[in-house]
1. Just the residues that are more than 7 Å from chain B (Cβ to nearest Cβ) and more than 16 Å from the chain's Cα centre (by Cα), please, taken from region A:24-44.
2. Given the conditions (1) buried (at least 24 other Cβ atoms within 10 Å of the Cβ); (2) within 12 Å of the chain's Cα centre (by Cα); (3) not β-branched (Val, Ile, Thr), which single one is not true for B:Leu7?
3. With the structure loaded, tell me whether B:Asp124 is of a type outside the set (S, T, N, Q) and either part of a helix (DSSP H, G or I) or within 23 Å of A:Val95 (Cβ to Cβ) (or both) or whether it fails that test.
4. Taking region A:122-159 as the region of interest, how many residues are modelled with pLDDT under 95 and away from chain B (no Cβ under 13 Å)?
5. Filter region B:107-121 down to the residues that are in a strand (DSSP E or B) and β-branched (Val, Ile, Thr), then identify the one that is farthest from A:Leu41 (Cα to Cα).
6. Does any residue of region A:104-119 turn out to be under 23 Å from A:Pro145 (Cβ atoms) and modelled with pLDDT of 95 or more?
7. Here is a check on your reading of the model: is A:Gly87 farther than 30 Å from A:Arg152 by Cα, in contact with a strand residue (DSSP E or B) (Cβ under 7 Å, 6 or more places away or on another chain) and more than 7 Å from chain B (Cβ to nearest Cβ)?
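The values are calculated or read from the model by the stated rules, or taken from the named source; none is laboratory data. Everything numeric in this text was worked out from a predicted model, so none of it was measured. As a convention, Cβ positions derive from the backbone with ideal geometry for all residues, glycine included, and neighbour counts pool all protein chains shown.
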Amino acid sequence: SPIAFAIHGGAGVAPKDLTPEQEAECRKVLAQAVQEGHATLKSGGSGLEAVQKAIIILEDSPLFNAGRGSVLTAAGTVEMDASIMDGRTLQAGAVAGITTVRNPILLANVVMTKTPHVLMIGAGAEALAREHALKTEAPEWFITPKQMEKLRRAQKKSAVTLSPEDIWMRVG
Amino acid sequence: TVGAVALDKEGHLAAGTSTGGLTNKKAGRVGDSPIIGAGTYAEDGVCAVSGTGHGEFFIRNVVGHDVAARMKYGKATLVEAADAVIARLSEQKGVGGIIAIDAQGRVHAPFNTPGMFRAWIGTDGQVEVKIF
């Protein structure tokens, strides 16, 4: 089969949202992630491996809304979700409400490959991560100053209006 | 939100998505990313999809599976199916986008927001990185 690979780092960004320096940094991480995934496929790795490798790079980058750099809840906390699906078998794994697992995509894969379940949430999912020795961080590790500022602005705007522009700001 | 879709040497498709959700969301709110068929879907011989956007719309429209169903049952191409799903989202004022790949390695990434961070390496081996 030919190989092909694609990634995204979120929708909603507008030209005014990025300085040239920020845009260059985002492009650099996107290029790194897509090349890593593609290299995995090229060397005979599976699609599942490629997907996880690329997503780990994006989760570890504070520039994107996943892993470190995730957006904040109204309570100022991080709650992460992730999923993975194998087209060969239609097996799938997903997690929600994750607060300490560094790479939620790896936990989604554990749910898929090590349990008979599809979706696990909160404390039970976190316990599964510890059982499988996945890397964890303190909840504060995921919070970046940029997202704290974004939450402050969103809360200020939501108190007054909720225009389509606000939605764009919230989804990224 | 971040995501990835792949077609490997064995011809198998895979998809994954990871997110922090929406800024200022209520604690306990879950979007489309961990909902199989909504934010993530992969089926060999058809397509693999990962979404990003206002998750409630993606869940109601079962976006990932809708792309696959249009291809599988309606014989739509990847581009036709993915564009139709995003158009339907737009009609409902839902915002976001998807990346999708078919069994031949064709990639399509439609969105209805001002921009979407995206990158791909197709069967030609060329690296493409785009934002707007």
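1. Listed by number, the residues that qualify are A:Ala24, A:Glu25, A:Lys28, A:Glu36, A:Ala39, A:Thr40, A:Lys42, A:Ser43.
2. All conditions are met except number (2).
3. no
4. Qualifying residue count for the region: 0.
5. Step by step, filter region B:107-121, then rank; the result is B:Val107.
6. The answer is yes; a qualifying residue exists.
7. Considered against the rule, which asks whether it is farther than 30 Å from A:Arg152 by Cα, in contact with a strand residue (DSSP E or B) (Cβ under 7 Å, 6 or more places away or on another chain) and more than 7 Å from chain B (Cβ to nearest Cβ), A:Gly87 comes out as no.
Here is a yes/no grid of residues against (1) at pLDDT 95 or above; (2) within 10 Å of the chain's Cα centre (by Cα); (3) buried (at least 21 other Cβ atoms within 10 Å of the Cβ):
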residue	(1), (2), (3)
B:Glu43	yes, no, yes
B:Val63	yes, yes, yes
B:Ala87	yes, no, no
B:Gly96	yes, yes, yes
B:Ile99	yes, yes, yes
B:Met116	yes, no, yes
